[in-house]
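Participant: Mind looking over this structure? Questions follow.
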Amino acid sequence: MKLYIGNLSYSTTEEEINQLISGYGTADSIQLIKDRHTGQSKGFGFIEMSDNSEADAAIKGLKETNFKGRKLKINQAQPRSDRKKDRRRY
């Protein structure tokens, strides 16, 4: 299952996310999204977990958790095409 994690401090590292998620299970991969031009974090990323029950536990356990002074947003990632539909204005 692929998870979205957002509202991260710009100084957050992949290692810190790995430590945070390790209380709920094993992350297969962690990708923090960075600006192409500056290399600075955009404050969100994605976590891949192969065990769905661990992923669900991470969502329930970390949602709205205070991390580095910010309340985390975490949920199951939406496919890219679904996100684009949500942005349309009528």
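Read-outs: derived from the displayed coordinates by stated rules, not from any lab. The structure displayed is predicted, hence computed values, not measured ones. Glycine gets a Cβ as well: all are built from the backbone with ideal geometry, and neighbour counts include every protein chain shown.
Participant: Counting other Cβ atoms within 10 Å, keep those with at most 14, restrict to DSSP loop, and tell me which GluC sites (Glu not before Pro) in the chain are left.
Facilitator: Here the GluC sites (Glu not before Pro) that fit, given the DSSP loop and packing criteria, are E64.
Participant: Out of these labelled values of Rg/Rh (Cα atoms, Kirkwood Rh), [x] 0.98; [y] 1.07; [z] 1.05, which was calculated from the coordinates shown here?
Facilitator: Among [x] 0.98; [y] 1.07; [z] 1.05, the one calculated here is [x].
Participant: Count the lysine pairs in the range 2-80 whose Cα atoms sit under 13 Å apart, keeping only pairs 8 or more residues apart in sequence or on different chains.
Facilitator: For the range 2-80, the number of qualifying lysine pairs is 4.
Participant: Shifting gears a bit: For the chain, which span is the longest to avoid every loop-located (per DSSP) member of trypsin sites (Lys or Arg not before Pro) having at most 15 other Cβ atoms inside 10 Å?
Facilitator: Segment 1-35 is the longest.
Participant: Next question. Output wanted: per-residue J couplings in Hz (rounded whole) for the range 14-28, from phi through Karplus 6.51 cos²θ - 1.76 cosθ + 1.60, θ = phi - 60°, x for Gly and Pro.
Facilitator: Taking θ as phi minus 60°, the curve returns 4, 5, 5, 5, 4, 5, 5, 6, 4, x, 10, x, 9, 8, 6 Hz for the range 14-28.
Participant: What distance in nm lies between label points placed 7 Å from Cα along the C-beta direction at H37 and R70?
Facilitator: If labels sit at H37 and R70, their model points lie 2.1 nm apart.
Participant: Quick one: dipole size for the chain, taken about the Cα centre, charges +1 on Lys/Arg Cβ and -1 on Asp/Glu Cβ, in debye to the nearest 20.
Facilitator: That gives the chain a dipole magnitude of about 840 debye.
Participant: Give the long-range amide H neighbours of K34: residues separated by 5 or more places, or on another chain, with amide H under 5 Å away, using H modelled in the peptide plane at 1.01 Å from N.
Facilitator: It is K42, by chain and number.
Participant: Let me ask something else. Evaluate the distance, in nm, between pseudo-label points positioned 7 Å from the Cα of F46 and of Q19 along their respective Cα→Cβ axes.
Facilitator: Roughly 2.6 nm, to one decimal.
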